[in-house]
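Inspection log for the structure reproduced underneath, given as structure tokens.
The values are calculated or read from the model by the stated rules, or taken from the named source; none is laboratory data. Owing to the predicted nature of the structure, the values given are computational and were not obtained by experimental measurement. Backbone-built Cβ (ideal geometry, glycine too); neighbour counts: all protein chains shown. Each accessible area value is taken on the protein alone, full model and side chains, heavy atoms only, with ligands, DNA and RNA left out. Shrake-Rupley method; radii C 1.70, N 1.55, O 1.52, S 1.80 Å.
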Amino acid sequence: MAGRFAPHPRTPTLPTPRASGSATAAKTRLWPAPPGHTVDLGLTLGPLRRGPADPTFRTPPDGSAIRATRTPAGPGTLRVRAGDGAVHAEAWGPGADWLLERLPEMLGASDDPAAFVPRHRLLAASQRRRPGLRLCRTGLVLESLIPSILEQKVTTIEAYRSWRHLVRKYGEPAPGPYGDSPDGRRDSRMYVMPAPRTWAMIPSWEWHKAGVDAKRSDTVVRAARVARRLEEAVGMEPELAAARLELIPGIGPWTAAEVLQRSNGAPDAVTVGDLHLPGIVGYALAGRPDTDDAGMLELLEPYAGQRHRAVRLILLTGRTPPRRAPRMPVGRIAHL
């Protein structure tokens, strides 16, 4: 009727997160590290953490690492601690067995650091100082894909903030003791990221509140709707896996590489299209901070097959070009 306000759209009924509780007994595994396999949890699992307040990842003062994730068997929480030449692991939830079975691959057992031959003094020194650098293989695509989409074309601060907001609001408490909140605060507990169906049902105004524009939220929804087919990429060769991911509009080479580095442990999945990485690589290897993607790939050509590892070693040196412009401003889409 003319002159009346249109009714506010109804909020879709989202699946209710299940409380997992801490009463479930932990399942355990002791994995003796093979000879020559130095376990460095920070180096190996660090790329899985999306900011210091990531609700799916925690590093307690005792040096252990805890991650809450959604496995093909269901939600699971994994705590790992390295010591005495072995890795001690505890897991909770329906995904506990799945996580424990794949523990060695997650810690880089299928990675081959010996395949990397340094051609620059900087990389040789970095490799000597980081004997525990191994590329993890989670075997999970969506877990890395969604936060990588959120990181497209924005600052990491914005992306991390969006990830925290969405996981805490639409995820579920992590199985086991870390899903509890002794002080009653949501930000003191760990969460498992939402299921694909939940991601696909988040209404547009909630994406806006989380600071995510329509282009990125639409890409997440498209990916969530074909999550099962995307998860098949973990069993593919990197080139075919990247092609599978890039079939989704909004997912390009940058996002695909960021995912395959984590889900498949792909040692050659070099990230192209990044705002800062070409300049960092160019400055470290040739003193050229104005290097573009083509120049970066040319400099990394001697490391073909191991280009991602070469980049990781460069980043670990902390050698970056002098800043010539102010930092990219942090946006606040939710305030618009």
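You will find that of P267, P253, P249, P238, the residue that is touching a residue at least 60 places away in the same chain (Cβ under 8 Å) and of a type outside the set (S, T, Y) is P267 and no other.
Every residue, every condition in (1) out of contact with any Phe, Trp or Tyr (no Cβ under 9 Å at 6 or more places or on another chain); (2) surrounded by fewer than 18 Cβ atoms within 10 Å (Cβ to Cβ); (3) touching a residue at least 12 places away in the same chain (Cβ under 8 Å); (4) of a type outside the set (F, W, Y), yes or no:
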position	(1), (2), (3), (4)
R79	no, no, yes, yes
D84	yes, yes, no, yes
A89	no, no, yes, yes
G93	yes, no, yes, yes
D97	yes, yes, yes, yes
E101	yes, yes, no, yes
M106	yes, no, yes, yes
R130	yes, yes, yes, yes
L133	yes, no, yes, yes
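Among the residues making up region 283-305, those that are over 27 Å from S144 (Cα atoms), of a type outside the set (S, T, N, Q) and without any contact (Cβ under 8 Å) to a residue 24 or more places away in the chain are A286, G287, R288, D290, G295, E298, L299. Give D213, D183, D218 a once-over and let me know the one that is of a type in the set (D, E) and either in contact with a Cys (Cβ under 9 Å, 6 or more places away or on another chain) or modelled with pLDDT under 95 (or both). After ruling out the rest, the residue left standing is D183.
Restricting attention to region 202-217, the residues that are open to solvent by 50 Å² or more (accessible area, probe 1.4 Å) and among the hydrophobic types (A, V, I, L, M, F, W, C) total 2. Taken across region 200-221, residues that are free of Cβ contacts under 8 Å to residues at least 40 places away in the same chain, assigned to a helix (DSSP H, G or I), under 23 Å from M106 (Cα atoms) and not aromatic (F, W, Y) do not occur at all.
Between W98, W92, the distinction of being aromatic (F, W, Y) and more than 27 Å from R229 (Cβ to Cβ) belongs to W92 only.
Among the residues examined, P47 qualifies as of a type outside the set (D, E) and more than 19 Å from P175 (Cβ to Cβ). The set of residues from region 222-237 being part of a loop (DSSP other than H, G, I, E, B) and surrounded by 13 or more Cβ atoms within 10 Å (Cβ to Cβ) comprises V226, M236. Restricting attention to region 87-124, the residues that are under 22 Å from D268 (Cβ atoms) and small (G, A, S) total 6.
Going by the structure shown, is V281 touching a His at 6+ places or on another chain (Cβ under 7 Å), crowded, with 21+ Cβ neighbours inside 10 Å, under 22 Å from G318 (Cα atoms) and among the hydrophobic types (A, V, I, L, M, F, W, C)? Considered against the rule, which asks whether it is touching a His at 6+ places or on another chain (Cβ under 7 Å), crowded, with 21+ Cβ neighbours inside 10 Å, under 22 Å from G318 (Cα atoms) and among the hydrophobic types (A, V, I, L, M, F, W, C), V281 comes out as no. Is it fair to say P60 is loosely packed, with under 15 Cβ neighbours inside 10 Å and either of a type in the set (G, A, S) or within 27 Å of R168 (Cβ to Cβ) (or both)? So P60 fits the description; yes. Scanning region 23-51 for residues that are over 22 Å from D112 (Cα atoms) and either surrounded by 15 or more Cβ atoms within 10 Å (Cβ to Cβ) or under 13 Å from the mean Cα position of the chain (by Cα) (or both) yields T24, A26, K27, R29, R49, R50, G51. Screening I251 against (1) out of contact with any Phe, Trp or Tyr (no Cβ under 6 Å at 6 or more places or on another chain); (2) part of a helix (DSSP H, G or I) leaves a single unmet condition, (2).
Within the set L240, L142, the sole residue that is within 24 Å of E105 (Cβ to Cβ), open to solvent by 60 Å² or more (accessible area, probe 1.4 Å) and hydrophobic (A, V, I, L, M, F, W, C) turns out to be L240.
Scanning region 134-177 for residues that are in a helix (DSSP H, G or I) and of a type in the set (G, A, S) turns up S144, S148, A159, S162. Considering only region 96-106, I want to know if a residue exists there that is of a type in the set (D, E, K, R), under 28 Å from L313 (Cβ atoms) and assigned to a helix (DSSP H, G or I). Scanning region 96-106 turns up at least one residue that is of a type in the set (D, E, K, R), under 28 Å from L313 (Cβ atoms) and assigned to a helix (DSSP H, G or I).
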